Structure formats: C-alpha cells, structure tokens
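Just so it is clear, none of the values below were taken in a lab; they were calculated from the coordinates. Only a predicted model underlies this, so the values are computations on that prediction, with no experimental measurement involved. Don't worry about glycine lacking a Cβ; one is built from the backbone with ideal geometry, like all the others, and counts go over all protein chains shown.
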Amino acid sequence: MTVLELKAVACTTTENAQTFLPYLNDTFDRFNILTPCRQICFMAQVSHESGGLFYTEELASGAAYEGRAGLGNIHPGDGVKYKGRGLIQITGRANYKLLSDALEQDFISNPTLLGGKNIKQCTPDQLKYAALSAGWFWTKANLNAIADKINLLQPIDEGANLEYFKAITKRINGGFNGLEDRLHRFIQGYLSMKTNQTPSQTTAS
C-alpha cells in the first residue's frame, strides 16, 4: 500500500499516512493481509476505529469495563488499565494476555505499549504495536476469509458485498455502529487503488 492509497482509505492527512505506513505494511506481511480487498477492508475498519489513524487509545476512561469478567477484568482497576488501545481498540485483561502471548510482549505489565493517546504522543514502539495488535485481532476473528468473498467489481454498499462487509463490521464492533463511514472509507480506498491497478489485480477472488 502506498502513502496516497493509505491516505485515501483512512481519510487522513499525508503526515499521518506517512507515519503509520511502514508499521501497517509490516502488519500486512505478518498477518497475510496482502490482497487489495483484504487491505481495503482492514483499513476501512481500522481507520474508522482510530479516527483516521489518529487515536491509539479510546477516549473514555475505561471505568465502564471494571469488573467485566467476560473481558478478564477480575482485579480492581483492570477496567481502566486495560481500556481499548491500538488501532482496533484491544480491550480487557484477557485480550491483552492473548496479545502478549501472540506478539511475545508483556502488555499486561505495560498496557500503554499498545498506544499513547494519539499519533502525536506515540513512540515508534507504540505505533508498531498499535498496528500489529489490529492485525492480530483481524486474524483472530478470521476476517481475511470474509474479505475474500467480496467482489471488488461490484458495489460494496449493496447485495452480497454489503452483507459480507457488515459481517466484518459486526465482528469488530459488535454491531454496525459507523457503518456508513466504514463504507465511505472502503470506497475511497478502492478508488485510489483502482487508479494504479488493473481490474484483475483488484479482484479479491
């Protein structure tokens, strides 16, 4: 993915796209997000969750997650400590532990390694893990398989394509919050990629 393509799909600034591009390209390689359709789907979702590659930590305090056993928050203070971080908002002690095992980093002891408020306040390591954590979640949810069903030669916002895109959204969001914005980002990303690739290269089959 190029800076221009990333800027388009993320609906972000050139500066933000340039900052995150190397970390995202590493994420694509590590988690096999390599076809145009996989990358556009991934970035449409991730850029919505992060406010255009800006936020790497949710704005709320995390207190609402306190005592949520389903998230693994079994100790006092876990809700705030393990609030949503990374480009796709990894949340809860249990997910931080799974991510720690997968990436071989101790996010339990150092949860802010996943993100430092926003792109302006992140260290290079925080940017790296903000991106990698999103790729890990994407793979854990088996979203490449759904993205592969989308036909880039058909509109994304109708028919089977829309149902596949909604399925991806639901696995990430738990519902369909921000669906229109996510679709908009997908369309912008596709149009940008289309200017540089032939239809056969942008087909997800």
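Magnitude of the charge dipole for the chain, about its Cα centre and with charges confined to Cβ atoms of Lys, Arg (+1) and Asp, Glu (-1), is about 160 debye. Less than 5 angstrom separates the built amide H of residue 118 from those of 56, all sequence-distant by 5 or more or on a different chain.
Considering only 182, 93, 30, the mean-square fluctuation computed in a Gaussian network model of the chain, springs between alpha carbons under 10 angstrom, is largest for 30.
Let's test the formula: R0 of 41 Å, r as the Cβ-Cβ distance of residue 194 and residue 118. What FRET efficiency results, to the nearest 0.05? After rounding to 0.05, the efficiency reads 0.85. Our coupling estimate for the stretch 29-35, obtained by passing each phi through the Karplus curve with A = 6.51, B = -1.76, C = 1.60 and θ = phi - 60°, is 5, 5, 10, 6, 9, 10, 7 Hz, Gly and Pro reported as x.
Extending 7 Å from Cα along the Cβ direction at residue 64 and again at residue 170 yields two label points whose distance is 2.1 nm.
Between the residues 61, 22, 178, the greatest Cα displacement towards the positive end of the dipole of the chain, with unit charges on the Cβ of Lys, Arg, Asp and Glu, is found for 61. Between residue 97 and residue 125, what's the calculated FRET efficiency when r is the beta-carbon distance and R0 is 22 Å? Round to 0.05. Working from the Cβ atoms, E equals 0.70. For residue 97, a cut-off of 30 angstrom between C-alpha atoms picks up these lysines, skipping any fewer than 8 places away in its own chain: 81, 83, 117, 120, 128, 140, 166, 170.
Taking all Cα pairs closer than 8 Å and separated by 6 or more residues, the relative contact order of the chain comes to 26 percent. Normalising the Debye intensity of the chain to I(0), with uniform scatterers on Cα atoms only, and taking log10 at q = 0.08, 0.14 Å⁻¹ returns -0.25, -0.77.
For the stretch 63-118, what does the alpha-carbon gyration tensor say about shape, rounded, prolate or oblate, given a ≥ b ≥ c as the root eigenvalues, a/c under 1.5 as rounded, and a/b over b/c as prolate? List each step's numbers first, then the result.
Numbers: a/c = 1.80, a/b = 1.29, b/c = 1.40.
Judged from the Cα gyration tensor, the stretch 63-118 comes out oblate (a/c at least 1.5, b/c at or above a/b).
In order along the stretch 47-52, the phi-based Karplus estimate (6.51 cos²θ - 1.76 cosθ + 1.60, θ = phi - 60°) of 3J(HN,Hα) comes to 6, 5, 4, 9, x, x Hz; Gly and Pro are listed as x.
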